[in-house]
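Notes follow the structure.
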Amino acid sequence: MKKYFVIGNPINHSLSPKLHNYWLKENNIDAIYDKKKIDEKDLQTTISEVKEKKTEGINVTVPFKKSVIPYLDKLSPAAEQTQSVNTIILTDDILVGHNTDIFGFTQAIKDLNFNIKGKKILILGAGGVVPSIIFALNKMNVSKIFISNRTKEKAEDLKSQFYNLEVLDWGDINDFDVIINATSLGLNNESINLDFSKLANNKLFYDVIYNPEETNFLKEGKKLGNRTENGKLMFVYQAFEAFKLWHGIEPLINSDTLKILNND
Ligand code: ATR
């Protein structure tokens, strides 16, 4: 039986096994998808399992999307540009790192029927998933991307990859069309203690977090009269693209797929 898994730390919250195992079964593929909590020191041995064909593929989540890179032979162009890998596959005996988060975010925004072209965007956070979001937003021709992170240097560092970014002080919230929470605040029901009331209403509040379904950030956005969206579809579409890379099949996404991701 073929084996796949997702690595991260923490990993408990990951719904990847649920989704991939559902699709594996639906497509009659004899394989299993698991999750593994690992430490940085275990990265090399864990990834070498793919090269040794003990494992067919690995998904990578926080905080290893960048630190896996030295252990791979090759990166896809998007993974190279974002320095972020979330899917590993062995192709012709070459260990390749892909980035399917970009597709995930792009497709999720497309599904919203929200015309993001020409819009002013504010990203909160500068962690692992942010380069993929910036890459995707640039491709979607937004007018300007601002970024604000508690640790300002981390936001500044991203400017070497994305020259058109503008870094703001933490909490410097002015008028944006779209505000994206890419911090980890909300995973455990925390609030982001920032004042969003200066934004006019009818904006888009987007949270990368999908579990819980409605973070305090989204609750507040809604209360202030804005459109809100969580990261569930981004998650589903990044998994869709990884599944396609590994199995050569486009898995079905419908209301049943989304239902299996609901909290038990
Ligand atoms: P990593 O930084 O390891 O990639 P991540 O979960 O992708 O991990 O990123 C966490 C993000 O949430 C970071 O932008 C982090 O800000 P710092 O760079 O200042 O650490 C942000 N974050 C986490 N806790 C926060 C808090 N209490 N207040 C503000 N931002 C916070």
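The values are calculated or read from the model by the stated rules, or taken from the named source; none is laboratory data. On a predicted model such as this, the values are computed, not experimentally measured, just so you know. Neighbour counts run over all protein chains shown; Cβ positions are idealised from the backbone, glycine included. Surface accessibility is based on the protein's heavy atoms, side chains included, excluding ligands, DNA and RNA. Shrake-Rupley method; radii C 1.70, N 1.55, O 1.52, S 1.80 Å.
Those residues that are within 16 Å of the ligand (Cβ to nearest atom) and within 23 Å of Lys117 (Cβ to Cβ), I need them from the stretch 168-212; list them, please. If the condition is that a residue be within 16 Å of the ligand (Cβ to nearest atom) and within 23 Å of Lys117 (Cβ to Cβ), then Leu168, Ile173, Ile179, Ile180, Asn181, Ala182, Tyr206, Asp207, Val208 are the ones that fit.
The set of residues in the stretch 162-193 being of a type outside the set (A, V, I, L, M, F, W, C) and surrounded by 14 or more Cβ atoms within 10 Å (Cβ to Cβ) consists of Asp177, Asn181, Thr183, Ser184, Gly186. Scanning the stretch 1-18 for residues that are among the basic types (Lys, Arg) and assigned to a strand (DSSP E or B) turns up Lys2, Lys3. Scan the stretch 138-150 and give yes if some residue there is within 16 Å of the ligand (Cβ to nearest atom), surrounded by 20 or more Cβ atoms within 10 Å (Cβ to Cβ), not assigned by TED's automatic domain parsing to the domain that holds Lys51 and not hydrophobic (A, V, I, L, M, F, W, C), otherwise no. Yes, the conditions are met somewhere in the stretch 138-150.
Screening the stretch 64-175 for helices (runs of 4 or more DSSP H) wholly inside it with 1 or more residues that are among the aromatic types (Phe, Trp, Tyr) and without any contact (Cβ under 8 Å) to a residue 60 or more places away in the chain returns the ranges 130-139.
This table checks each residue for (1) on the phi < 0 side of the Ramachandran plot; (2) crowded, with 19+ Cβ neighbours inside 10 Å; (3) at pLDDT 95 or above.
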site	(1), (2), (3)
Lys41	yes, no, yes
Thr55	yes, yes, yes
Pro70	yes, no, yes
Val85	yes, yes, yes
Asp92	no, no, yes
Thr100	yes, yes, yes
Asp111	yes, no, yes
Phe114	yes, no, no
Gly118	no, no, yes
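For the stretch 241-259, name all the residues that are in contact with a Lys or Arg (Cβ under 8 Å, 6 or more places away or on another chain) and open to solvent by less than 40 Å² (accessible area, probe 1.4 Å). Talk me through it step by step, then tell me what you get.
Applying the first criterion (in contact with a Lys or Arg (Cβ under 8 Å, 6 or more places away or on another chain)) to the stretch 241-259 yields 250-251, 258.
Matches in the stretch 241-259: Pro251 only.
Looking across Val60, Val96, one residue alone is surrounded by fewer than 24 Cβ atoms within 10 Å (Cβ to Cβ) and either more than 19 Å from Ile11 (Cβ to Cβ) or within 16 Å of the ligand (Cβ to nearest atom) (or both). It is Val96. Please tell me if Val129 is hydrophobic (A, V, I, L, M, F, W, C) and open to solvent by 20 Å² or more (accessible area, probe 1.4 Å). Yes: the conditions hold for Val129. Checking each residue in the stretch 210-240 for being crowded, with 23+ Cβ neighbours inside 10 Å, under 15 Å from the mean Cα position of the chain (by Cα) and under 17 Å from Ile123 (Cα atoms) picks out Asn230, Gly231, Met234.
It is to be established whether one or more residues within the stretch 19-42 are closer than 22 Å to Glu250 by Cβ, assigned to a helix (DSSP H, G or I) and within 17 Å of the chain's Cα centre (by Cα).
Restricting attention to the stretch 19-42, the residues satisfying the condition of being closer than 22 Å to Glu250 by Cβ are 19-33.
Filter once more, keeping what is assigned to a helix (DSSP H, G or I): 19-26.
Keeping just the survivors that are within 17 Å of the chain's Cα centre (by Cα) gives 19-20.
Yes.
The set of residues in the stretch 56-87 that are farther than 21 Å from Asp39 by Cβ and either of a type in the set (Lys, Arg) or not assigned by TED's automatic domain parsing to the domain that holds Lys244 (or both) contains only Lys74.
Counting only helices (runs of 4 or more DSSP H) that sit completely within the stretch 180-264, those holding 2 or more residues that are basic (Lys, Arg) correspond to 216-223, 232-247.
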